[in-house]
Amino acid sequence: MSDPIIKIQNMNKWFGDFQVLKNINLEVEANKKIVVCGPSGSGKSTLIRCINRLEEHQEGNIIVDGNELSEKTKDIEKIRAEVGMVFQQFNLFPHLSILDNCTLAPIWVKKMPKKEAQELALDQLKKVQIDDQANKFPGQLSGGQQQRCAIARALCMQPKIMLFDEPTSALDPEMIKEVLDAMVSLAKGGMTMIVVTHEMGFAKEVADEVIFMDEGMIIEKADTKEFFANPKSDRTKLFLSQIL
Amino acid sequence: MQTINFLKPNRDNIKNYSIFGSVLILISLIDVISNAFLKTNLTSFLPGSLTTLFPLILGLIGLNMMRIDYSGNKTLDLLNKNINTNNFNALLTLLILFSIIKALPPSLSWMIFDANISGDSKDACTGTGACWTYIKVWFRRFMYGMYPNEFHWRINTAFILVIALGFVGYFMKENLKKYLALYYVIIYPVIAYLVIYYLISGGSFGLQWVETGAWGGLSLTFIVSFFCLIFCFPLGMIFALGRRSNLPVIKYISICYIEFWRGVPLITVLFMSSVMFPMFLPEDFFMDKLVRVIIAITLFEAAYCAEVIRGGLQSLPRGQYDAAKSLGMGYWKMHIFVILPQALKLVIPGIANTFLALVKDTPLIFVVGLAELAGMLALAKTNPKWLGFAMEGYIFASIIFWIICYAMSKYSYNLEAKYKTER
């Protein structure tokens, strides 16, 4: 068994007096796809934001690709460059064209020559089927197209891990499919993915493991088939009965 | 009810009503115009105060007859929606209209028909109107202050050079565009300073030295505004970022700076810079008064700029920061490429506001003895040979300031339109 690429040990996090994450232990091996589900307010988003250190944790360790995340971490930008992230609200840069959104970080963070970055970006945009929109601005695109662009933008940094924070929650039902399709093909390409989502169909199709969280704790962690076929805890059963 | 309603039109008879109403309004206008321009009272047959109120009453009835919720006629609807919504608004509309008409003939005759512009001394002004001779004779002083007449070409040349250098950005090649900010923030001010120093101050290249005390008039307004504008903006940006910094030292220095400068009146800052500040300097160290004043105004306005820019920074959604960070951008890359371009676009109106206020604050430097345009006016109006023409001078200055400020605000609208992208 290879070393896990993400390792979280006894992690606790508070927002003020409120403890959002309680004693989280999680290991993710390379090329594995993990789906995190649970009711809102259960700390799913906070957990994956911690992996990117967009949120700081107060206790425990998070080790990403051999680097421990803490206040002492010097090159946090380098670690973040290895970890792509897709947000619920897309968060494209509205003042830049789709192509510039995708090339900005490769050019300025990875110091890639402009031409190479543009080729890479067009390649990634083609994979999510919006290469024909490359010169438009985010505001001119539909939600689904924007989210696919956000995926392409993250992929342009050629990350080792991709984090998805409810990528389809802000989309119309019709657009959800096009985004999920892009994610499925990415998963089949062998990317390590942690996906926070309520799309159980997606979980069944691609996930290796499903994690169920509630009230800041990991209630259940199981293989996908096992998880859906016979969940162990009552809380999970209740959740699944409501969502499926 | 019938008696009240007979003045109310409906959609069927609106045409007749509006024609009749327009005729009534026209009559009231003719009455006022003839009263104002020809000084004849058409309604002298009416008793006393009714004469004065006659056009108002007539106009009100006319507007009342035209008032309808929706007529289908574009002009009429526009009129009803904006200035004729109820009797009170109709009354205000008429009052304002009539006041303008009444005020027009006396102001026109004072400014143009009875005014003098010929001659070159006070004696030429014999009419009852304005004395534009005064502006004509003093024009060079108002533009160049006490700067020697034979050297005015130096100021003109310097300004043309500085303006030309300002346009360099438009003609820069695509691959040099990334140095644009560097050029405007650092290189351009330095070149502009050198141009103004060597051409206007002189002292080398065979040009006679002219001390800054002799500078003045509109050219001094431009010099002070120009340097303050280009320096206060980057400085304000630094303090805006500083105030939002996570590092306590930087944060509190920025807060102290901003709160200090926003808390003192500009006039005291100017006094301090010209009177108190030199006392703290070593004796052999000399800094020109004009330079001190420019630095003082720059520091003062930078605090205002900082708060305006901070407003823009705060209005950006947190997601933009998250996205930039998740792509591996550090603090400076995130701000330069993602945050500032969006924030600065949002604060263009606010920055334009601050800059306009700055230009209009420059006359305050008169209190430390620097006579820019308004200062020269103050000097000229106390000249014994030219007493009594303050009005002409202030009208002249108002027009010039208005043109400058209007041009600036127009430019800011253009910038807004240029950088507008759909969200």
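The values are calculated or read from the model by the stated rules, or taken from the named source; none is laboratory data. Because the structure is a prediction, the values reported are computed rather than measured. Methodologically, a virtual Cβ is constructed for each residue, glycine included, from the backbone with ideal geometry; neighbour enumeration extends over all protein chains shown.
Annotation note: of B:A352, B:A343, the sole residue that is touching a Ser or Thr at 6+ places or on another chain (Cβ under 7 Å), small (G, A, S) and either facing chain A (nearest Cβ under 7 Å) or under 27 Å from B:F260 (Cα atoms) (or both) is B:A352. The condition (being within 14 Å of another protein chain (Cβ to nearest Cβ) and buried (at least 17 other Cβ atoms within 10 Å of the Cβ)) is satisfied by just one residue among B:V338, B:V359: B:V338. Exactly one residue out of A:V128, A:V86 is more than 12 Å from chain B (Cβ to nearest Cβ), of a type in the set (V, I, T) and either within 28 Å of B:K420 (Cβ to Cβ) or in contact with a Ser or Thr (Cβ under 9 Å, 6 or more places away or on another chain) (or both), and it is A:V128. For B:F396, state whether it is buried (at least 22 other Cβ atoms within 10 Å of the Cβ) and away from every other protein chain (no Cβ under 14 Å). When the stated conditions are applied, B:F396 does not pass them. Apart from one condition, B:P248 fits all of (1) assigned by TED's automatic domain parsing to the domain that holds B:A296; (2) surrounded by 15 or more Cβ atoms within 10 Å (Cβ to Cβ); (3) more than 18 Å from B:I295 (Cα to Cα); the exception is (2). Which condition does B:S315 not pass, out of (1) over 30 Å from A:V64 (Cβ atoms); (2) more than 14 Å from every other protein chain (Cβ to nearest Cβ), if it passes all the others? Condition not satisfied by B:S315: (2). Looking only at residues in the range B:21-36 that are of a type in the set (S, T, Y) and farther than 10 Å from B:L58 by Cα, the one that is nearest to the chain's Cα centre (by Cα) is B:S34.
The single residue among B:F300, B:F260 that is closer than 26 Å to B:A371 by Cα and part of a helix (DSSP H, G or I) turns out to be B:F300. In the set (1) surrounded by fewer than 16 Cβ atoms within 10 Å (Cβ to Cβ); (2) polar (S, T, N, Q); (3) modelled with pLDDT of 85 or more, B:S28 fails one condition alone, (1). Against the definition (buried (at least 17 other Cβ atoms within 10 Å of the Cβ) and within 21 Å of B:V359 (Cβ to Cβ)), how does B:L241 come out, yes or no? No, not satisfied. Note on the range A:140-163: among residues that are in contact with an Asp or Glu (Cβ under 8 Å, 6 or more places away or on another chain) and basic (K, R), the one that is nearest to the other protein chains (Cβ to nearest Cβ) is A:K160. If you check B:I258, B:I297 for being closer than 30 Å to B:M334 by Cα and modelled with pLDDT of 90 or more, only one passes: B:I258. If you go through the range A:67-115 and keep only what is farther than 30 Å from A:Q9 by Cα, small (G, A, S) and surrounded by fewer than 21 Cβ atoms within 10 Å (Cβ to Cβ), you end up with just A:S97.
Listed by first and then second residue, the pairs with beta-carbon distance under 7 Å, at least 6 apart or on different chains, first residue in the range B:323-344 and in the same structural domain as B:I238 (by TED's automatic domain parsing) and within 18 Å of B:A181 (Cβ to Cβ), second in a helix (DSSP H, G or I) and of a type in the set (K, R), are B:M334/B:K325.
Scanning the range A:46-60 for residues that are more than 11 Å from chain B (Cβ to nearest Cβ) and either closer than 19 Å to A:M193 by Cβ or among the hydroxyl-bearing types (S, T, Y) (or both) yields a total of 3.
Reported count of residues in the range A:190-221, each being of a type outside the set (D, E, K, R) and free of Cβ contacts under 8 Å to residues at least 40 places away in the same chain, is 1. For A:S185, the criteria (1) in contact (Cβ under 8 Å) with a residue 40 or more places away in the chain; (2) in a helix (DSSP H, G or I); (3) touching a Lys or Arg at 6+ places or on another chain (Cβ under 9 Å); (4) surrounded by 20 or more Cβ atoms within 10 Å (Cβ to Cβ) hold in every case but one, which is (4).
Restricting the search to the range B:143-186, which residues are outside any helix (DSSP H, G or I) and either modelled with pLDDT under 75 or exposed (fewer than 15 other Cβ atoms within 10 Å of the Cβ) (or both)? Hits for the range B:143-186 are B:P148, B:F167, B:M172, B:K173. Checked across the range A:214-230, the condition of being part of a strand (DSSP E or B), surrounded by 15 or more Cβ atoms within 10 Å (Cβ to Cβ) and touching a Gly at 6+ places or on another chain (Cβ under 6 Å) holds for at least one residue.
For the range B:386-404, filtered to residues that are in contact with a Lys or Arg (Cβ under 7 Å, 6 or more places away or on another chain) and of a type outside the set (F, W, Y), the residue that is nearest to B:A357 (Cα to Cα) is B:G393. The sole residue among B:G127, B:G119 that is of a type in the set (G, A, S), out of contact with any helix residue (DSSP H, G or I) (no Cβ under 6 Å at 6 or more places or on another chain) and not in a helix (DSSP H, G or I) is B:G127.
Test B:G127 against the stated conditions and say whether it is touching a strand residue (DSSP E or B) at 6+ places or on another chain (Cβ under 8 Å), small (G, A, S), more than 30 Å from B:P234 (Cβ to Cβ) and modelled with pLDDT under 80. Yes: the conditions hold for B:G127. Could you list all residues from the range B:346-384 that are touching a strand residue (DSSP E or B) at 6+ places or on another chain (Cβ under 9 Å) and closer than 14 Å to B:A306 by Cα? Across the range B:346-384, there are no qualifying residues.
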